[in-house]
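A.B. asks: A single structure is presented below for examination.
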Amino acid sequence: MSIPASAVFGLNLFSALAKIGAGTAGGLFISPLSAYIALILALNGAGPLSSTQRELWTVLTQKQLPNTLAAANTAETALNSEASALMKALAAQSSSNGTQLTIANAVWTNKTDVLKPYSDSMLKLFQAPVTAVSSAAPINDWAVKATRGLIKTAVPANSKFKAVVTNAVYFKGAWQYQFSPSSTYKRPFTTPANKQVQVDMMGKGFYQADVKWAEVAGQFRAVKLPYKGSKIVAVAVLPDQKAYKLDAAAALAGIGLSRILNAPWQPASAAEPKLQVSLPKFKISQEMLPVGQALKALNVTAAFNPDVANLDRLSKDDLFITDVTQSVVVIVDEVGTEAAAVTSIMVGATAFIQETTPPIVFDRPFIFMLVDDASSSVLFMGVVKDPTQMSVK
């Protein structure tokens with residue numbers, strides 16, 4: 001299966017954030033989906049064939065924008081349609097038996113008039129209403145509601161802005177096969193500093209066909225755990241310690257999404273005698289990850305330069321992007337997973353199989369993702385370095 005551009009963008013963004021030291025001592029998590037959709041809304045406001053449009057297009061699609069206006073418009077229309085369809089397909093996975101998945105978009109203005117073609121298009125394609133505000137308070141209230149209270153700040157209270165483009169993604173899913181709290185026990189976890197900390201380790205033996213596992217010799221072992229009533233799966237990847245030491249972020253970049261998602265996945269029913277999985281409980285809370293700084297490292301610079309930026313399809317005012325941030329919360333326990341992300345764009349003026357299947361024990365830094373198994377879209381992506389050091393404000 002080919003890896004969608006949104007997932008490739010997500011890995012590039014994650015790697016750029018890791019290189020600048022974003023995250024906590026416990027790990028780093030992002031929502032590729034949230035950043036991708038928010039930046040598409042910004043792309044639609046960029047001036048035709050401007051350097052702003054070209055750079056945003058390239059970072060999102062890994063392609064060059066066509067050189068003619070007609071071809072560029074056609075390409076952007078196709079991208080908008082794909083993103084809109086993806087939003088609808090993912091939102092349709094919310095079910096009455098446990099899975100909740102919502103995606104919300106909004107554009108906020110402060111003494112800036114948004115052009116009607118832009119506002120009409122964003123409302124139709126992405127259900128993104130334009131709302132006039134005089135402070136950050138209504139934006140943060142929206143974030144609280146959109147993430148069921150997990151994220152309380154989308155924009156700092158004292159921020160000065162002319163416009164803000166926001167996206168929120170919220171997921172809550174119960175494991176199809178839940179871990180028993182009575183099987184959770186204290187176990188040592190080896191951190192990147194090669195120190196051992198005691199963590200709450202969940203344990204379970206799986207034999208069901210819809211639980212998958214994979215192994216690529218010298219690279220990684222991994223497991224896919226399904227959620228009730230959804231095609232969303234948790235993908236936990238344990239990098240080979242000899243190849244990647246204890247650096248899960250380097251392993252994610254080195255292994256790549258294609259090798260993980262297209263691994264030789266096998267059903268747990270093929271394991272002998274059962275597929276034994278040990279996974280630590282964890283909660284990570286990260287506020288205001290410096291996505292803007294990472295985008296600049298990915299060669300998106302024109303949009304941040306007041307002398308060069310062109311957002312002429314958004315407003316008649318001379319605007320530029322002042323910052324892009326993302327806040328993320330991910331909670332994993334015996335019942336399931338709850339995760340939320342808010343991306344804010346602030347705008348200012350000027351394989352190997354053994355006969356007996358060994359257990360997969362996530363007792364050292366590992367990769368954890370929420371993936372739509374149908375489209376390979378990555379909703380959340382991150383690495384767990386130390387489950388005891390993951391919350392920060």
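Since every read-out is calculated from the coordinates, none of them should be taken as a lab result. Nothing here was measured: the structure is a model prediction, and the numbers come from that model. Cβ: placed from backbone, ideal geometry, glycine included. Neighbour counts: every protein chain shown.
A.B. asks: So what is the orientation-averaged projected area of the stretch 1-133, using the convex hull of its C-alpha atoms, in nm²?
C.D. replies: 11.2
A.B. asks: Note down the nm distance, to one decimal, between modelled labels 7 Å out along Cα→Cβ at Lys152 and at Ala209.
C.D. replies: Distance between label points: 4.8 nm.
A.B. asks: When a footprinting reagent is the concern and you count Cβ atoms within 10 Å, what order do Val216, Val107 take, fewest first?
C.D. replies: In order of increasing Cβ crowding within 10 Å: Val216, Val107.
A.B. asks: How large are Rg and Dmax for the stretch 219-308 when only the alpha carbon atoms are used, in Å?
C.D. replies: Radius of gyration, then largest Cα-Cα span, for the stretch 219-308: 18.4, 65 Å.
A.B. asks: Sticking with this structure for a sec: Find the Rg to Rh ratio for the stretch 287-371, where Rh is the Kirkwood radius over alpha-carbon pairs and Rg uses the same atoms.
C.D. replies: 1.24
A.B. asks: Could you list Thr99, Thr343, Thr24, Thr77 in order of exposure, starting from the residue whose Cβ has the fewest other Cβ atoms within 10 Å?
C.D. replies: Neighbour counts put them in this order, fewest first: Thr77, Thr24, Thr99, Thr343.
A.B. asks: Once amide H atoms are placed 1.01 Å from N in the peptide plane, what residues at a sequence separation of 5 or more from Leu115, or on another chain, have their amide H within under 5 Å of its amide H?
C.D. replies: Ser315, Lys316
A.B. asks: Could I ask something else about it? Let me know the shape class of the stretch 160-264, please: from the alpha-carbon gyration tensor, a ≥ b ≥ c as square roots of the eigenvalues, rounded when a/c is under 1.5, otherwise prolate if a/b is greater than b/c, or oblate.
C.D. replies: rounded
A.B. asks: Could you check the simple spin-label distance between Ala75 and Leu115, using points 7 Å along Cα→Cβ, in nm with one decimal?
C.D. replies: 1.9
A.B. asks: For a footprinting-style exposure proxy, rank Tyr244, Tyr207 by other Cβ within 10 Å, fewest first.
C.D. replies: On the way: Tyr244 19, Tyr207 14.
So the ranking, lowest neighbour count to highest, is Tyr207, Tyr244.
A.B. asks: Just need log10 I(q)/I(0) for the stretch 6-71 at q = 0.28, 0.29 Å⁻¹, Debye formula, equal scatterers on the alpha-carbon atoms, no solvent, rounded to two decimals.
C.D. replies: Relative scattering, expressed as log10 I(q)/I(0), comes to -1.20, -1.24.
A.B. asks: Computed from the mean reciprocal separation of all distinct C-alpha pairs, what Kirkwood hydrodynamic radius does the chain have, in Å?
C.D. replies: It works out to 21.5 Å.
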